[in-house]
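J.: This structure is in structure tokens; I'll ask about it shortly.
Just so it is clear, none of the values below were taken in a lab; they were calculated from the coordinates. Keep in mind it's a predicted model, so treat the numbers as computed, not measured. Neighbour counts run over all protein chains shown; Cβ positions are idealised from the backbone, glycine included.
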Amino acid sequence: MNFNSWHFIAFFLVVFVITWPMKRYSVLWRFTMLVASYYFYGSWNWMYLGLIMFSTVFDFWVGRRLDLVNHPRRWIIGSVIVNLGVLAFFKYTNFALETANWGLAAVEAAFRFNAIDVALPVGISFYTFQSMSYTIDVYRGDLKPRSSLLDYALFVAFFPQLVAGPIVRASEFFKDLDSPKHIPAKGIAYALILIALGYVKKAVFADSLAEVADPVWNNPMAHDAWSVLLAVYAFAFQIYFDFSGYTDIAIGIAMLFGFEFPKNFNYPYMATSLQDFWRRWHMTLSRWLRDYLYIALGGNRISISRTYVNLFLTMLLGGLWHGASWNFVIWGAMHGSWLVIERLILFRIPGWESDFIGVKLFRWFLTFHVVCLAWIFFRAKTFDGAMQMLGPDRATRSSSV
């Protein structure tokens, strides 16, 4: 049930009409919203409804145990292993088997692994990260465990942000859930404008840019260098309008139900460094990677060299989170490498961070094209496809046109 389908629009209107007369955040309201959220998730594939229920019950139970046992470290380690294990099985098993087969082929072994027939559950990366953040926050003492399974289940499955974020912290969600507030007419109007803007971004801008980009990405060797460059730029803005449009819809719908979700995009292509870009692009993922991975690795507390390693590893794993292929690993590695280069070299150049307009424009130009270069590996279906977009023969072909 995609956001830009009539099925979803009808579903949302029905849920809104049914829940609006109910007492805000009453048990009945929460139960109705949970049923609606499970229906939404089940509409993608009813087989995986049990998976999100298992994840919910397991992490709710772990959260309760963390508050009771004398050695909570064992429980949080178990929670992380189970959550990442489920995610790895569904998302990365075939990637691992394919990689193993490459290695076997390299040594000319006759044996090969067969791929397993398993579909990737929709939104599993998002709700896994969201659920893990709850147990980690409880373990750190930043959050009290929830006493109501109904409340926790709604946090994990709340349909506006279930499939593609934003990634909401438990403290943010429960703060709104525990504090019923009247939604003023201005708030409703703003939410509706945000939803409309999201649909315009997705249906008008993203889809129009896809018509420009897709033919070139599908057969790059049939196009000259200028067409490829245009397709790279088109995809850069296509993915922005598509993803930020989805986020606008999610945030707007959540507002109509009384939840204030964090902002997820803040003009990312205005960034003048890659560090600045990640403060503006998919901001809730950046925050999650910083708070639950980068800091866990040691952050910048150990040494300068370790800081660089932690930055690189965080982005490498962040790339792998986006998808199970070496292209996503390369995408993450490119971002990680450039973040290190910025800290190690660029930020140390005298005047590099000057507010002089010429310097700022150069930094913006450089950052934008580093991001676009990395997008090639993100968008291409295979490594060979990315290499075709970067093919050295393009200059020859374009000059002969």
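J.: Could you name the aspartates and glutamates in cross-link range of Lys175, using Cα to Cα under 13 Å and dropping any fewer than eight places away on the same chain?
T.: Lys175 reaches Asp151, Glu260.
J.: Right, here's the next one. With a 10 Å radius around each residue's Cβ, average the other Cβ atoms per peptide and rank 249-257, 219-227, highest first.
T.: Going from most to least packed, we get 249-257, 219-227.
J.: Between region 213-285 and region 311-346, how many Å separate their Cα centres?
T.: So the separation of the two Cα centres works out to 18 Å.
J.: Sticking to Cα atoms, compute the Rg of region 267-401 to one decimal and its Dmax as the biggest Cα-Cα distance, whole number, in Å.
T.: Final numbers for Rg and Dmax: 16.4, 55 Å.
J.: Using the structure shown, list the pairs from Lys91/Lys381; Lys23/Lys263; Lys23/Lys144; Lys91/Lys263; Lys144/Lys186; Lys202/Lys263 with a Cα-Cα distance above 22 Å, or answer none.
T.: Beyond 22 Å between Cα atoms: Lys23/Lys263; Lys23/Lys144; Lys91/Lys263; Lys144/Lys186.
J.: Using alpha carbons only, how many angstrom separate the centre of region 157-212 from the centre of region 30-74?
T.: 22
J.: Here is a follow-up. Show me the ranking of peptides 264-276, 233-245, 360-372 by mean Cβ neighbours inside 10 Å, starting with the highest.
T.: Ranked from most to least packed, the peptides come out as 233-245, 264-276, 360-372.
J.: What spacing in nm lies between the two simple spin-label points modelled at Leu68 and Ala189, each 7 Å away from Cα in the Cβ direction?
T.: Result for the modelled spin labels: 5.1 nm.
J.: Explain nothing, just the number: relative contact order of region 6-175, from Cα pairs under 8 Å at least 6 residues apart, as a whole percent.
T.: Computed over region 6-175, the figure is 32 percent.
J.: For region 122-192, which trypsin sites (Lys or Arg not before Pro) pass both filters: DSSP loop (anything but H, G, I, E, B) and at most 16 other C-beta atoms within 10 Å?
T.: Answer by residue number: Lys181.
J.: Just need the relative contact order of the chain here, percent rounded to a whole number, with Cα pairs under 8 Å and 6+ apart.
T.: 15
J.: Which helices of the chain meet both criteria: a Cα extent of 30 Å or more along the helical axis and a mean Kyte-Doolittle score no lower than 0.5, with helices taken as whole DSSP H segments?
T.: 72-106, 225-256, 357-379
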